[in-house]
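Laboratory data are not the source of any read-out in this text; all were calculated from the coordinates shown. Just so you know, these numbers come straight off a predicted model, no measurement behind them. Neighbour counts run over all protein chains shown; Cβ positions are idealised from the backbone, glycine included.
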Amino acid sequence: MLPAELHELWEDYLRAEARGVRSDKLARLETFLDRFAAQTAETRSSWALEITRQVVDDGVDLPIRMPLFRRVLFPALSEAVRQQVPGAARWLAGLAQHLYRARDCWVQLPENWQTERGLLKLALQHDPADELSRTKLVHVQARHLAFSLHEVPRGVLYGMNGATIEQCQELELWLAEFRQLTLEAGLSDEYAPLIDECAFHFAHYQRYLAERDSHRSYEQYLLGVGWPTP
């Protein structure tokens, strides 16, 4: 809980957000942040974690501007993740777009904490019974896998570029992990078509690359193995 005066400053800021005048919003937020910095570490941390929980887990529509993220939320969340506070890695993952924009914050994290996927995997390491993190991780990995097929029948993507044979093999490892996650989350039926399509293309794109001189394109290769192109 915030002291009454600080709580009123927060509410005043939220009212400014509702009015929509950018300069007024930022000025009131800065006033709140300056006063907030004088609170005890325990108060700052508990408030920051609760605000983030509401936004990420409950879907509460609260504005998360970058000064709030940098000065309040990120310091509390990153420390809570280090302390293995249940849910903290999931909450930071839920603010991944803010993290990517705040490179000064992003570089403070270990490499395997620097992505939404990595943070959700960490949340499950901290609490293997965290079904909310498991479900979110399934959806995140599904997006990545679906994007890898975005250019089919032109080819399989790894990031923004065409996959190599070695990268297709890495994608197959991701797919095996994803298959297990969907089983654990009770979502295997929902994602079975994606799994089957990924398994097909990750295997066949490797073969196409190995035999590239024998085919005009991956699309032509697919026609040869009976894949129905759109």
With θ set to phi - 60° and the Karplus curve 6.51 cos²θ - 1.76 cosθ + 1.60, what are the ³J(HN,Hα) couplings of segment 142-148 in order, to the nearest whole Hz, using x for Gly and Pro? 4, 4, 5, 5, 4, 5, 4
Answer label for mean projected area of the Cα convex hull in nm² (calculated), chosen among (1) 13.3; (2) 15.7; (3) 12.1: (2)
Which of HIS215, ALA185, LEU171 sits farthest toward the positive end of the charge dipole of segment 130-230, with +1 on the Cβ of Lys and Arg and -1 on the Cβ of Asp and Glu? HIS215
How much length, in nm to one decimal, is gained on full extension between ASP12 and TYR100, taken as 0.36 nm per residue of separation minus their Cα-Cα distance? 28.8 nm
Amide H to amide H under 5 Å from GLN114: which residues, 5+ apart in sequence or cross-chain, H placed 1.01 Å off N in plane? none
If you place +1 on the Cβ of every Lys and Arg, -1 on the Cβ of every Asp and Glu, and leave all else neutral, what size is the dipole of the chain about its Cα centre, to the nearest 20 Debye? 640 debye
Before rounding to the nearest 500, sum -39500 (n - 2.57) across all DSSP H runs of length at least 4 in the chain and divide by the residue total; then give [θ] at 222 nm in deg cm²/dmol. -21000 deg cm²/dmol
Could you work out which residue, out of GLN114, GLN141, GLN54, moves most in a Gaussian network model of the chain, that is, has the largest mean-square fluctuation with Cα springs under 10 Å? GLN54
Taking H placed 1.01 Å from N in the peptide plane, check which residues at least 5 places from TYR158 or on another chain put their amide H under 5 Å from its amide H. ALA163
Averaging sequence separations of C-alpha pairs under 8 Å and six or more residues apart, then dividing by the length of segment 130-230, give the relative contact order as a whole percent. 31 percent
Once you have a ≥ b ≥ c as the square roots of the Cα gyration tensor eigenvalues for segment 71-120, tell me rounded if a/c is under 1.5, and otherwise prolate or oblate according to whether a/b is larger than b/c. rounded
Sites ARG207 and HIS144 - FRET efficiency at Förster radius 30 Å, r taken between beta-carbons, to 0.05: 0.85
Hey, what do the phi angles of segment 44-61 turn into as Karplus ³J(HN,Hα) couplings, whole Hz, using 6.51/-1.76/1.60 and θ = phi - 60°, x for Gly and Pro? 4, 5, 5, 5, 4, 5, 5, 4, 5, 4, 4, 5, 7, 8, 9, x, 5, 7
Which order results if MET66, MET160 are arranged by neighbouring Cβ count within 10 Å, fewest first? MET160, MET66
Measuring from the longest principal axis of the C-alpha atoms of the chain, the long axis of helix 165-185 (C-alpha) lies at a number of degrees, nearest 10, equal to 60 degrees
Listing TYR205, TYR13, TYR158 by rising number of other beta-carbon atoms within 10 angstrom, fewest first, gives TYR158, TYR13, TYR205
Test of understanding: ordering SER23, SER148, SER217 by Cβ neighbours within 10 Å, fewest first, what list do you get? SER23, SER217, SER148
With the cut-off at 1.5 for a/c, could you classify segment 29-91 from its C-alpha gyration tensor as rounded, prolate or oblate? oblate
Work out the FRET efficiency for SER217 and GLN169 from their Cβ-Cβ distance, taking R0 = 22 Å, and round it to the nearest 0.05. 0.50
Stretch GLU30-VAL107 to full length: gain in nm at 0.36 nm per residue minus the Cα-Cα span? 25.3 nm
Between 0 and 90 degrees, rounded to the nearest ten: what's the tilt of helix 116-126 against the longest Cα principal axis of the chain? 70 degrees
Nearest 10 degrees is fine. How inclined is helix 4-19 to the longest principal axis of the chain, computing both from alpha carbons? 50 degrees
Per DSSP, loop trypsin sites (Lys or Arg not before Pro) in segment 133-192 with at most 15 further Cβ within 10 Å: ARG154
Rounded, prolate or oblate: which fits segment 104-210, taking a ≥ b ≥ c as square roots of the Cα gyration tensor eigenvalues, rounded meaning a/c under 1.5, else prolate when a/b beats b/c? oblate
Measuring from centroid to centroid over Cα atoms, what is the spacing of segment 100-126 and segment 32-55 in Å? 21 Å
Paramagnetic label zone (point 7 Å from Cα along Cα-to-C-beta, ALA38; backbone N under 15 Å) in segment 9-24: 9-10
